[in-house]
1. What pairs come up if the first residue lies in segment 84-105 and is under 15 Å from Leu149 (Cβ atoms), the second is at pLDDT below 90 and surrounded by 11 or more Cβ atoms within 10 Å (Cβ to Cβ), and their beta carbons are under 6 Å apart, counting only those six or more places apart or on different chains?
2. Please count how many residues of segment 290-311 are over 17 Å from Trp240 (Cβ atoms) and within 13 Å of the chain's Cα centre (by Cα).
3. So, in segment 233-276, how many residues would count as being closer than 16 Å to Leu298 by Cα and open to solvent by 100 Å² or more (accessible area, probe 1.4 Å)?
4. Give Pro152, Pro105, Pro86 a once-over and let me know the one that is out of contact with any Cys (no Cβ under 6 Å at 6 or more places or on another chain) and at pLDDT below 85.
5. Mind listing whichever residues of segment 309-336 are surrounded by fewer than 18 Cβ atoms within 10 Å (Cβ to Cβ), assigned to a helix (DSSP H, G or I) and touching a helix residue (DSSP H, G or I) at 6+ places or on another chain (Cβ under 7 Å)?
6. Return the residue satisfying two criteria in turn: it lies in segment 337-377 and is of a type in the set (D, E, K, R) and exposed (fewer than 14 other Cβ atoms within 10 Å of the Cβ), and of such residues it is farthest from Ala296 (Cα to Cα).
7. Is it true that Met222 is farther than 24 Å from Val168 by Cα and crowded, with 16+ Cβ neighbours inside 10 Å?
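The values are calculated or read from the model by the stated rules, or taken from the named source; none is laboratory data. A quick note: this is a predicted structure, and the numbers were derived from the prediction, not measured. For neighbour counting, all protein chains shown are included, and Cβ atoms are generated from backbone atoms with ideal geometry for every residue, glycine included. Ligands, DNA and RNA are excluded from the accessible area calculation, which covers all protein heavy atoms including side chains. Shrake-Rupley method; radii C 1.70, N 1.55, O 1.52, S 1.80 Å.
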Amino acid sequence: RDRTMAEMASLMPPLAPSRSISSDQTRKQLPRNMSWGLLQELQRLEQSPGVYHGALLMLAINFHAQIFTDITKNGLRFNYACLLSPIIWTDLLTTNSIILLLIIPLSILSTLLTTLLTPSRPKSHRISAKIGSSRVAVGVHTLMLAVQLLLPHYVLTRVELNPISAAVASAVATCLTLKTHSFFAKFTLHGGGAIDRGPVGKLMHFTRFLFVPALVYSRSSMEAKKKGEGIRWGKIVSNWLQGIACLVWISIVFCQQIVPVLMNERPELIHMLEICVPANLCWFLAFYCVFKANFAILAELTQYPARRFYGDWWNATTVEQFWRRWNVPVHDFAVDHVYYPCLQTLKLSPESAGAVVFVLSAILHEMTFAVAFKCPNCEFGVVF
């Protein structure tokens, strides 16, 4: 029997080596003639994210302990009575007026003109034929995009608004401009897809797309209905409360930890080192307020099924991974409407196409910060 089992074993193919490598084997692969520290070994063992997350958690706990100690000692520095000031409500009214009476009408007008000028049923399915038969629509669309982007920013430079209100209005103008281009490229030039309701129906379809938390038009997502019981108002209230809590905590952190530092006469480098932790906490809270709370509310109200607004950017190990994951709507727009056209139409290399994406992103960010802080010095654009 043993001889038979041995013969059968010799006829069987050898087993494939296991892909998993134990930590002992990984340690054996380290050079023996070098002294490896804990961080280098953790990096080789791919265990560093857990260490970094633990360090960030301890840093956050320590920082919040300092905030509570400062509040106990000095009290709340933020004067919530200023929210009732007429200046705040005047800025809020001006911002909403610019958005509702200028930015949104410009987007609707641009789509209406291009819809009327573009043939609804192109004879050829080739992109070149579609553009060739719609040259007037493409020209009008390009002109209207420039008007949509530049006119609101010009108006914002002529009115007195606080930085937050100006930045919000600028971001809305930029986002609606990108939405208009995506709708024209993926819907209007293709004759409307499965939706053939005339100019009015297409205009209503575009109006719904304006309030969808996505920058790239997707016919399947727009036509699909989210499975469920309709609008979940409990989910909307929950996200609204989370957004309000984030804004309140941002105001507390800003007034307790950032303003006192900036009031001291010290070099800018010292200021940056002292406020780096509270500034990043404010950024995290703002990210949660916008991408988690605000976008979830818009998706629920519009019944938009695609709800992936960000990836696991906290696990990114390179800058490239971070930029791909932290803002999925903008990344999708950059890939579909900037990166791939540069590769396919302009015949650029991948490195050149990526450079075009980053330059365009820097210009758009610089416009927002220049309008908000009245300082077009290109510093913020270089950072982004």
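1. Here the result reads none, with nothing in segment 84-105 linked to a residue that is at pLDDT below 90 and surrounded by 11 or more Cβ atoms within 10 Å (Cβ to Cβ).
2. Here is the first cut: in segment 290-311, the residues over 17 Å from Trp240 (Cβ atoms) are 303-306, 308, 310-311.
Still in the list and also within 13 Å of the chain's Cα centre (by Cα): 308, 310-311.
Summing the residues that are over 17 Å from Trp240 (Cβ atoms) and within 13 Å of the chain's Cα centre (by Cα) in segment 290-311 gives 3.
3. Residues that pass the stated criteria total 3.
4. Result: Pro86 is the single residue among Pro152, Pro105, Pro86 that is out of contact with any Cys (no Cβ under 6 Å at 6 or more places or on another chain) and at pLDDT below 85.
5. Correct list: Trp313, Asn315, Phe322, Arg324, Arg325.
6. Checked segment 337-377; the qualifying residue farthest from Ala296 (Cα to Cα) is Lys347.
7. Against the criterion (farther than 24 Å from Val168 by Cα and crowded, with 16+ Cβ neighbours inside 10 Å), Met222 qualifies.
Results for (1) farther than 22 Å from Phe184 by Cβ; (2) among the acidic types (Asp, Glu), shown as yes or no for each residue.
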position: Val290; (1), (2): yes, no
position: Asn294; (1), (2): yes, no
position: Asp312; (1), (2): yes, yes
position: Phe333; (1), (2): no, no
position: Asp336; (1), (2): no, yes
position: Cys342; (1), (2): no, no
position: Ala370; (1), (2): yes, no
position: Phe373; (1), (2): yes, no
